[in-house]
Amino acid sequence: MPTTLPHTLSVPPAARPRVLTTAPLAAPLARPHETLDVWQLTVGDHEEALADAQHVLDATERRRWTAFRSPADRDRYAAAHLALRRLLGSYLDIDPADVVLGREPCPLCAEPHGRPAVPGSDLHFSLSHSGDQVLLAFGPTPVGVDVERLPDAAVADELAATLHPRETAELGRLASPEDRVAGFGRCWCRKEAYLKGIGTGLGVSPDVDYLGTGHRPAVLTGWTLVDLRVAGGYAAAVAYAAPAPPSEDESGGGVGAGAGVGVSTAVGVGPPDIRDLSAAYRSRVSWTDRVLRQRPPRGPAGHDPRGVQAHPH
């Protein structure tokens, strides 16, 4: 059974992650046993380290790295994966190049494209990158993290239709475009962090689970959601497997206008309502491109492994 984490995290609600610099790390880093470690880096601050990619990344990572056409995309991928290996190496007390990366079984189809993992280790981790920002989360239970550069108001308004109906309604009641963009960003990052945490990614449609758009996430059975403070123009969240802290107002007022709490998870409550969103969300494309390809027709409740991990880091 997963370790139960206390409600008090090393990264309290709406706090800033630890900044990963190019300075040497302690070897080894203390493993997070009753805490959650979240790290942040800016790609431009790690440009000199990118020269190590050819020697540190494994063959699969190098193929993905060299497949990017844009230099900015290549640099972002390399910076993120070098940081992941650097941190995993320090936590596990091994050389970063010797870290073996794999995948857990998908909870929807049991194929090996679920959560990322180091075989034989009980350290859980998650990785996300957008624009020039990278987030990495580590903990003793399943964890998911997401960071997104905020879209403009028109894009946020269109993409709001892909969310849970209650979340769409919440955003529709906000008069200010800035508030709608901020609310959408919070909700989307919570959504991706949670779906990464349960191991399905966007193999489960974002309209299935209600996570809220307000300043406090909804309460999930068996999971805790935490919004993170990151660079201006971005939103971020982390989700980890542990009971959520008690809500101050379980009528929903603390979550957002019209919001409620206490929703079921998408796994273990019967077949999820799955939609193939891989074409719209799989790659780190612009928000505008996502809108142009959003909301394919709803098909039968089947599983397309191409959409299991929206961002196959």
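Below are the figures for this structure:
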| read-out | value |
| --- | --- |
| Helices (runs of 4 or more DSSP H) contained in the range 104-201 and holding at least 3 residues hydrophobic (A, V, I, L, M, F, W, C) | 153-159, 177-198 |
| Enumeration of residues in the range 118-133 that are open to solvent by 10 Å² or more (accessible area, probe 1.4 Å) and in contact with an Asp or Glu (Cβ under 8 Å, 6 or more places away or on another chain) | 130 |
| Unmet requirement for residue 163, which otherwise passes all of (1) surrounded by 23 or more Cβ atoms within 10 Å (Cβ to Cβ); (2) within 30 Å of residue 123 (Cα to Cα); (3) aliphatic (A, V, I, L, M) | (2) |
| Odd one out for residue 155 among (1) open to solvent by 40 Å² or more (accessible area, probe 1.4 Å); (2) modelled with pLDDT of 95 or more | (1) |
| Qualifying residue in the range 77-98 (condition: in contact with a strand residue (DSSP E or B) (Cβ under 9 Å, 6 or more places away or on another chain), more than 22 Å from residue 236 (Cβ to Cβ) and surrounded by fewer than 17 Cβ atoms within 10 Å (Cβ to Cβ)) | no |
| Among (1) crowded, with 16+ Cβ neighbours inside 10 Å; (2) at pLDDT 95 or above; (3) charged (D, E, K, R) - the single one residue 115 does not satisfy | (2) |
| Test result for residue 70, out of contact with any helix residue (DSSP H, G or I) (no Cβ under 8 Å at 6 or more places or on another chain) and surrounded by fewer than 16 Cβ atoms within 10 Å (Cβ to Cβ) | yes |
| Residue list for the range 46-58, restricted to those being more than 22 Å from the chain's Cα centre (by Cα) and in contact (Cβ under 8 Å) with a residue 24 or more places away in the chain | 47, 48, 49, 50, 52, 53, 55, 56, 58 |
| Residue in the range 58-78 that is hydrophobic (A, V, I, L, M, F, W, C) and within 18 Å of residue 39 (Cα to Cα) present | yes |
| Counted residues, the range 62-103 - those being assigned to a loop (DSSP other than H, G, I, E, B) and under 17 Å from residue 20 (Cβ atoms) | 1 |
| Subset tally (residues that are open to solvent by 20 Å² or more (accessible area, probe 1.4 Å), under 28 Å from residue 240 (Cβ atoms) and not β-branched (Val, Ile, Thr)) for the range 28-48 | 8 |
| Residue pairs meeting the criteria (Cβ under 9 Å; at least 6 apart or on separate chains; first within 11 Å of residue 207 (Cβ to Cβ), in the range 152-180; second part of a loop (DSSP other than H, G, I, E, B) and open to solvent by 40 Å² or more (accessible area, probe 1.4 Å)) | 161/295; 162/295; 164/208; 166/258 |
| Check on residue 136, surrounded by 22 or more Cβ atoms within 10 Å (Cβ to Cβ), closer than 19 Å to residue 31 by Cα and touching a residue at least 60 places away in the same chain (Cβ under 8 Å) | yes |
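Residues are listed down the side, and each one gets a yes or a no for (1) open to solvent by less than 50 Å² (accessible area, probe 1.4 Å); (2) modelled with pLDDT under 95; (3) touching a Pro at 6+ places or on another chain (Cβ under 9 Å):
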position	(1), (2), (3)
176	yes, no, no
184	yes, no, yes
189	yes, no, no
205	yes, yes, yes
210	yes, no, yes
219	yes, yes, yes
238	yes, no, yes
284	no, yes, no
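The values are calculated or read from the model by the stated rules, or taken from the named source; none is laboratory data. Since this is a predicted model, take the numbers as computed values, not measurements. Positions of Cβ are backbone-derived with ideal geometry, glycine not excepted, and every protein chain shown enters the neighbour counts. What goes into the accessible areas is simple: the full protein's heavy atoms, side chains included, and nothing from ligands, DNA or RNA. Shrake-Rupley method; radii C 1.70, N 1.55, O 1.52, S 1.80 Å.
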